[in-house]
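FYI, it's all coordinate maths here, none of it is from the lab. Just so we're clear, the structure is a prediction, and the values are computed from it rather than from any experiment. As a convention, Cβ positions derive from the backbone with ideal geometry for all residues, glycine included, and neighbour counts pool all protein chains shown.
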Amino acid sequence: MKILKYTTPVEKILITGIYVMSMFLAVSCEDSDACEYIICEESFNVVTDFEDQELGTTSDWQGVEARGISIVSRGPGKVLQALDGSGSSFAYTETLLPRNFLTAGCELRYDVEYFGGVNNAISAANSIIIYQGSINSGNTRAVFVLNSSSLINSGQPPVTIHVPLELATGTTLPSNTYGEWRLAGLTPPYTATDINLFNTILQNSDGLGFNLDSGGNPAEQWWYDNFTFKQCCSLTKNDGIVN
């Protein structure tokens, strides 16, 4: 057996440390499950919760045919308020969020509260719109539509919506338990050209916004808060890690 000789105390520490580490890896990797690598760690990046903004109108958000877009106090803090007006109404931002959503995370979360008013829908499927050009014209818009179990109910407390941010493949657009992405003016199954259009909007958008309409009476009120990007959506319960 070869005897290790150390010329200095530092070398002795280094060599001993390497030996101990190699023994640890050899033992732990006898079970293949113990040798899986976690390539990223689940985390959340809050884009805005409006707490640092002044009450009143905001330059970060604009409206189309809206009665008002402003930062207001509601509940325990500040939120973005959007009031519907006559015609097709939207609230949108072209400065607050990145043009390439894939660089920001794998999921966008936000809180939303809704009041419909007389003769408008009690439950609304309205969610995020991302677009190129203008939010209220043309077909270069991708709309995340909520499913029946995730509708926003008038007069109820705020709910958190999770929107998947991933490239489309095949003939469908990304979806999750909250809803699905759709392209304005087009219906599935989508062609290769449609899929490419969605992926282009996702990676090079001009803005993000919301449709404020839920009926013919321009009385709808919306409140938005806590825009947050999530990283590492690939870590699921099946991987032994709970989202």
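Observations on the model:
- The stretch 45-108-the stretch 146-164 distance, computed between alpha-carbon centres (Å): 17 Å
- Length released on extending from residue 187 to residue 88, taking residue separation times 0.36 nm less the Cα-Cα span: 33.5 nm
- Candidates per chymotrypsin sites (Phe, Trp or Tyr not before Pro) in the stretch 88-150, loop by DSSP, up to 16 other Cβ within 10 Å: none
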